[in-house]
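Heads up: the structure comes next, in structure tokens.
The values are calculated or read from the model by the stated rules, or taken from the named source; none is laboratory data. In this text the structure is predicted, and so the values were computed from the model without any measurement. Counting neighbours? That spans all protein chains shown, and the Cβs are built from the backbone with ideal geometry, glycine included.
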Amino acid sequence: MSSNNDAGVSLYPNLLQPLDLGFVSLRSRTIMGSMHTGLEESPNSAERMAEFFGLRARGGIGLIITGGIGTSTSSTLGPGGANMISEKDADHHRLTTERVHDEGGLIAAQLLHGGRQSFHNQLVAPSNIKSPIYPFSPHALTDEEVESEIESFVNAAALAQYGGFDGVEIMGSEGYLINQFLTQRANVRDDRWGGSYENRMRFPVEVIRRVRERCGPNFIIVYRLSMLDLVPDGSTWEEVVLLAKAIEKAGATIINTGIGWHEARIPTIATKVPRAAFTWVSAKMKGEIKIPICASNRINTPEIAEAVIADGDAGLVSMARPLLADPDFVLKARQGKRKEINICIACNQACLDHTFNGKLTSCLVNPRACHETELQYKPTASPKKIAVVGAGPAGLSFSIVAAERGHRVILFDSASRIGGQFNIAKTIPGKEEFHETIAYYEAMLIKYEVEVQLNTRVAVSDLADQGYDQIIMATGIQPRALAIEGADHEKVLGYLDVLQQHKPVGNRVAIIGAGGIGFDMAETLSHGKTHSSLDKMAFMKEWGIDSELQARGGVAGREAVVDKSDREIFLLQRKPSKVGGGLGKTTGWIHRSTMQKRGVQMLNGVEYFSIDDEGLHIKVNGEERVLAVDTVVICAGQESNRGLENELETSGLNIHWIGGASDARELDAKRAINQGAYLAASL
């Protein structure tokens, strides 16, 4: 980095200092953590990976780690998964490694074996014990097959070195094969690979020792160590320390922190998890070994990352999704442009949810993530004057991309501030990160000189008389009314009445509608008065995590300590399917679990009859009931807000409807931001 780009060094002196590994130096104390993106398996994958990782290298990351790459034919997480078993496989990555090096970066290949955590019927594991969340039972490896799998890691590391990688990360966490060898949860062998912990840890130690022997001293070996399994029959802290010391002795360069098995029923990276919630575990390990420790999980801002290192919790930090959200995260921090960093909000909607649904990863706040070769914000050759009506997610997304490309953009909104539905979302406990997204848009509107006119209700005549080349209607949604008898009763409130206007709510509440808005309402109304979603210790207690690390796996024998709701709350759903079944694949279970702990009563298959002084009259499973509630909150969906549609159709103007104004299914910020960006890139 040149000296004129060091404005932020005084703000983040620890984060931005180099890390000398002896044979090579990382230019900052940052690792881009491994993510399953689907890029490796996508069409034109070599070019797409090179652009994706190249942009992050240009952004100043100290070390990039790829998504998990299989080491043998049985190792992949699903059919067609990426492997590193031949020189042809390694050559496929050369475009990426060369691009990263051209940008001044370093890159390591994550070598991963899924073991029993795989979506194919050829899976293997230490023992024939099926994972509770994967569909197939594994074949128990023979002694000879165990040796073969170890050698496959060594061969893959050598191939990665041949392909231009600066190192590898051996994935020993999150419940994958190596982690399975370590615990009796998945390993009940009685040979040299099972039984005592010294035997069970032989597999990872041999992998590291042989990789170091094969690849030589000047090759980065990161070991991702499961420091907190979060399953009751996981490793003890004493076992984790024993393994860490053995891994260090075997030749690892860095130990990266892994938290939780995939099958653990405790959130580790979702928005409800406080920032840097698990760095105390890394800090405890840091005193046990001499090689650098890398902290991970919910480190999403430069000030949080700086504090982790400055406080001595770790020597460097791993950030994965934050680099989806903004490839220039480190560069902007170095330049003192904190307000321009597009912060990850840990929603999982376009990253992990896509991954587990077999779709290519992206990012809710950055639609270009993993789509860099197709979604490009090129300078326009014909600047236009464009009016954007509505400063919610869709309108904001369109405005900053269009202005960045060189169009003149005038943004109108009838509200007194930008953000639209984000201003509601940020008030929900556990969704405070939306403050960051609004702040980012505020900074980008200024940077790209978008003219913003708030407190302005636009008429068609205003749009017709100003010579606009394009009109973008991003007017959002309006709540759908509930058509039942008594819907106008005084005890009935809409969700905006509660979340926006803060109207009083009684102690017995029925929430009609169990989509995303209904769960947000239940979260808000059930939230304990003393509990903060940003409080790490409260989070640990709520999920039964032992902060003293005396419990096996960090959770064995621990009871969750939950603030029961002061209210009696009924969360009602018309559909007969599981309540909240339409929520995000990787976060829906967290919301449902939280509501259960707080005593929220969730009912499906509900038929609504009427609302009166007695309460809400319903039928559930053929039984008529009266819920004697004080308040009924309507969260029954929304409709597009297209109040000017008829006049605009006959105006002769070039009109585009985007976001909720185009499609009001749920409150989908991912779709809205994506629509805005793609339209702006096309005009």
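Structure notes:
- Total residues in region 382-436, condition assigned to a helix (DSSP H, G or I), among the small types (G, A, S) and over 17 Å from E449 (Cα atoms): 2
- Selection of region 572-607 for residues being in a helix (DSSP H, G or I) and either under 16 Å from G513 (Cα atoms) or in contact with a Cys (Cβ under 7 Å, 6 or more places away or on another chain) (or both) yields G588, H591, R592, M595.
- Consider region 273-289 and keep the residues that are over 16 Å from the mean Cα position of the chain (by Cα) and β-branched (V, I, T). The one that is surrounded by the fewest Cβ atoms within 10 Å (Cβ to Cβ) is I289.
- Residues that are without any contact (Cβ under 8 Å) to a residue 60 or more places away in the chain and surrounded by fewer than 20 Cβ atoms within 10 Å (Cβ to Cβ), drawn from region 224-250: E238, E239, V241, L242, K245, A246, E248, K249, A250
- Of the residues A425, A439, A402, A391, the single one that is more than 25 Å from L644 (Cα to Cα) and buried (at least 24 other Cβ atoms within 10 Å of the Cβ) is A425.
Here's the yes/no breakdown for (1) over 21 Å from R321 (Cα atoms); (2) assigned by TED's automatic domain parsing to the domain that holds K332; (3) part of a helix (DSSP H, G or I):
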site	(1), (2), (3)
I61	no, yes, no
I65	no, yes, no
G68	no, yes, no
G78	yes, yes, no
I85	yes, yes, no
A90	yes, yes, yes
T96	no, yes, yes
G115	yes, yes, no
S118	yes, yes, no
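- Extreme residue, nearest to S173 (Cα to Cα), among residues of region 40-50 that are buried (at least 22 other Cβ atoms within 10 Å of the Cβ) and modelled with pLDDT of 95 or more: M49
- Within region 542-597, the residues that satisfy the criterion of being at pLDDT 90 or above and of a type in the set (K, R) are R552, R558, R567, R574, K575, K578, R592, K597.
- Among residues of region 551-581, those that are under 25 Å from the mean Cα position of the chain (by Cα) and either farther than 22 Å from L482 by Cα or surrounded by 15 or more Cβ atoms within 10 Å (Cβ to Cβ) (or both), counted: 7
- Number of the exception - E449 against (1) touching a helix residue (DSSP H, G or I) at 6+ places or on another chain (Cβ under 8 Å); (2) closer than 22 Å to K272 by Cα; (3) of a type in the set (D, E, K, R): (2)
- A single member of G615, G676 is modelled with pLDDT of 95 or more and at positive phi, and it is G615.
- Filtered residue count, region 458-509, keeping only those that are under 30 Å from A387 (Cα atoms), touching an Asp or Glu at 6+ places or on another chain (Cβ under 6 Å) and assigned to a loop (DSSP other than H, G, I, E, B): 1
- Only a single criterion out of (1) farther than 30 Å from S461 by Cβ; (2) outside the structural domain of S45 (by TED's automatic domain parsing); (3) in a loop (DSSP other than H, G, I, E, B); (4) not β-branched (V, I, T) is not satisfied by D353, namely (3).
- Meets criteria (of a type in the set (K, R), surrounded by 23 or more Cβ atoms within 10 Å (Cβ to Cβ), outside the structural domain of W589 (by TED's automatic domain parsing) and touching a Pro at 6+ places or on another chain (Cβ under 8 Å)) for R298: yes
- The residues listed here are E149, E174, E169, E206; of these, the one that is in contact (Cβ under 8 Å) with a residue 12 or more places away in the chain, in the same structural domain as G105 (by TED's automatic domain parsing), crowded, with 18+ Cβ neighbours inside 10 Å and under 25 Å from D20 (Cβ atoms) is E169.
- Some residue of region 299-320 being farther than 29 Å from G553 by Cα and either touching a Gly at 6+ places or on another chain (Cβ under 7 Å) or not in a helix (DSSP H, G or I) (or both): no
- Top-ranked residue in region 321-340 [being within 16 Å of the chain's Cα centre (by Cα) and outside any helix (DSSP H, G or I); ranked as surrounded by the fewest Cβ atoms within 10 Å (Cβ to Cβ)]: D326
- In region 620-635, the residues that are over 38 Å from the mean Cα position of the chain (by Cα) and under 19 Å from K578 (Cα atoms): G622, E623
- Exactly one residue among V629, V600 is touching a Lys or Arg at 6+ places or on another chain (Cβ under 6 Å) and outside the structural domain of I266 (by TED's automatic domain parsing), and that residue is V629.
- Matching residues in region 265-298 - criterion: being basic (K, R), in a loop (DSSP other than H, G, I, E, B) and more than 20 Å from G588 (Cβ to Cβ): R275, K290
- No other residue among L360, L396 is touching a residue at least 12 places away in the same chain (Cβ under 8 Å), within 23 Å of A320 (Cα to Cα) and either buried (at least 24 other Cβ atoms within 10 Å of the Cβ) or aliphatic (A, V, I, L, M) (or both) apart from L360.
- The one condition from (1) touching an Asp or Glu at 6+ places or on another chain (Cβ under 9 Å); (2) assigned to a loop (DSSP other than H, G, I, E, B) that F52 does not meet is (2).
- On inspection, G588 does not qualify as free of Cβ contacts under 8 Å to residues at least 12 places away in the same chain and in contact with a helix residue (DSSP H, G or I) (Cβ under 8 Å, 6 or more places away or on another chain).
- Reported count of residues in region 563-597, each being of a type outside the set (V, I, T) and within 13 Å of K272 (Cβ to Cβ), is 9.
- Scanning region 75-105 for residues that are surrounded by 15 or more Cβ atoms within 10 Å (Cβ to Cβ) and of a type in the set (S, T, N, Q) yields S75, T76, N83, T96, T97.
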